[in-house]
Amino acid sequence: MDAAMLTATRVILNLTKVESFNGLNFNHWQSKLLLVLDIAKLDFVLTKPKLMLKEDVDPKNFKKEFFIWETSDKICKGMILNSLSKELYDVYCSYAYAFDIWYTLNKKYVIEDVDTKKYVIDNFLQFQMSEEKDMSSQIHEFHLVMSKLTKEGMPLPDPFVSGSLIEKLPESWSDYKSMMKHKRKDMTLKDVIVYIRIEEKNRSHEKATKAKEFTSRPTGLRKGMTNHMEPQ
């Protein structure tokens, strides 16, 4: 197998490792594909559009250089298109050169990636648990927020996530939060979740017991207690 064939084989194998880009995680997809194009020595067409070629090449060698550029551009364009989802392929297949596709994708999705990251970070910072909803559903929401951070390439270490979950407990859990802060050094996120669910059950049981005790009292005594509890 000659050198050209070996390079082509490696490029094809590397390209199969690049997941199809569907509009999400652009930076991750771009860096993987750029590595493949660099190995194939095709990445130069992404920075050298056809219109600029005449300025960079000696007129005597233009024919030879143009042939090299044109061949490389066709291969590069094919590789970019083949790493796009069907929907995006249909959008960009009509573009004449690899540079045009690459430039347009970069212009569109780098900005969107930044906006998406800001949105996900904002969701994490603003997430706060409340008394109105049960803890299990809110823990599930917290997991979704953390998954989106990871998906956007911003995974957080487990101890930080555990501490964040404790901090985001409702205000009425302030005593419990203080107690958990001293314990959390030795706990994983799973441990923290288990403790929160146990505490939620204890609180629910305590409320149910108090409500039962209240309703079991004589009517007059209940009325007196209610009047006493009302603001003057």
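The combined condition, being without any contact (Cβ under 8 Å) to a residue 60 or more places away in the chain, within 27 Å of residue 118 (Cα to Cα) and among the acidic types (Asp, Glu), is fulfilled by residue 167.
Restricting the stretch 59-83 to residues that are assigned to a helix (DSSP H, G or I) and among the polar types (S, T, N, Q), the residue that is nearest to residue 101 (Cα to Cα) is 82. Is it true that residue 83 is more than 17 Å from residue 18 (Cα to Cα) and among the small types (Gly, Ala, Ser)? When the stated conditions are applied, residue 83 does not pass them.
Of all residues in the stretch 55-84, those that are in the same structural domain as residue 43 (by TED's automatic domain parsing) and at pLDDT 90 or above have Cβ atoms under 7 Å from Cβ atoms of residues that are of a type in the set (Phe, Trp, Tyr) and assigned to a helix (DSSP H, G or I), 6 or more apart or on another chain, in 80/102; 81/89; 81/92; 84/92. For the stretch 90-131, the set of residues classified as aromatic (Phe, Trp, Tyr) and either surrounded by 14 or more Cβ atoms within 10 Å (Cβ to Cβ) or in the same structural domain as residue 24 (by TED's automatic domain parsing) (or both) consists of 92, 95, 97, 99, 102, 103, 109, 124, 127, listed by residue number.
Restricting attention to the stretch 125-163, which residues are touching a residue at least 40 places away in the same chain (Cβ under 8 Å), of a type in the set (Gly, Ala, Ser) and assigned to a helix (DSSP H, G or I)? Walk me through it before giving the result.
At the first step, the residues of the stretch 125-163 found to be touching a residue at least 40 places away in the same chain (Cβ under 8 Å) are 127-131, 134-136, 139, 151-153.
Now restrict to residues that are of a type in the set (Gly, Ala, Ser): 130, 136, 153.
Once the filter is applied, which keeps residues that are touching a residue at least 40 places away in the same chain (Cβ under 8 Å), of a type in the set (Gly, Ala, Ser) and assigned to a helix (DSSP H, G or I), the stretch 125-163 yields only 136.
The values are calculated or read from the model by the stated rules, or taken from the named source; none is laboratory data. Keep in mind it's a predicted model, so treat the numbers as computed, not measured. Note that we place each Cβ from the backbone using ideal geometry, even for glycine, and neighbour counts take in every protein chain shown.
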